[in-house]
Amino acid sequence: MHLHRLRRLVPLGAALTILLSGCAGDAGKEPPGQGTPSVKPPETHEELKTSPPDSGRPWESDDAMQRAERALDAHDEDGSDPQRAGSGSAHIASGVNKTFQAPGKRWYRLDITCDTRGVEELTLTLTRGDAEQAYGIGCGDREADQFNIPPGAPFTARVDTVRSGTGLVLWRLNTLAPGDVDGCDDDIDGCGG
């Protein structure tokens, strides 16, 4: 009786072994028509965004913030002794409209940059009293744009709102000794040239 049960188990065990070995051979294979994609498809809408500097890579706000901070930091090696007076960030859908008081005897330098998807340039307008100058800021540049403003009366920095794009603007306001001002000493009145 013991032998009889064993005979029934052996064919069942052999069949199970053959079945499992057949499956193991196909374990690494995809079903027909479903090969492994060379690029992982995006899983969320956010991952579909691409940035200008890395056009094939997903645009992520954290990565964009880091790139923009590196662009702001790029000027810290220029030998001047800037002292930070303020900083901030905004999404391009909100824009920037900030008034600075500009007291004291040190010059002010506004360092500003943007990192976006689908927008190559933003418009910055600097205003003090009746004087006004508009500038284009290249988004995704490795170095932030810099604008010098003498101390004295308050001035306003405005970056136009872009509702059709995705991205952010980062800025820092620094003070500089007059001897450390590089280039035009008043980017609001303008230096012509």
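The values are calculated or read from the model by the stated rules, or taken from the named source; none is laboratory data. Everything quoted here is computed from the prediction, not taken from an experiment. For accessibility, only protein heavy atoms count, side chains too; no ligands or nucleic acids. Shrake-Rupley method; radii C 1.70, N 1.55, O 1.52, S 1.80 Å.
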Q.
What is the percent carbon and sulfur in the accessible area of the range 89-193, measuring with a 1.4 Å probe over the protein chains and ignoring ligands?
A. 41 percent
Q: Run the 1.4 Å probe and let me know the accessible area of Arg84, rounded to the nearest 10 Å².
A: 140 Å²
Q: Send over a whole-number figure in Å² for the accessible area per residue of the range 154-193, probe 1.4 Å.
A: 46 Å²
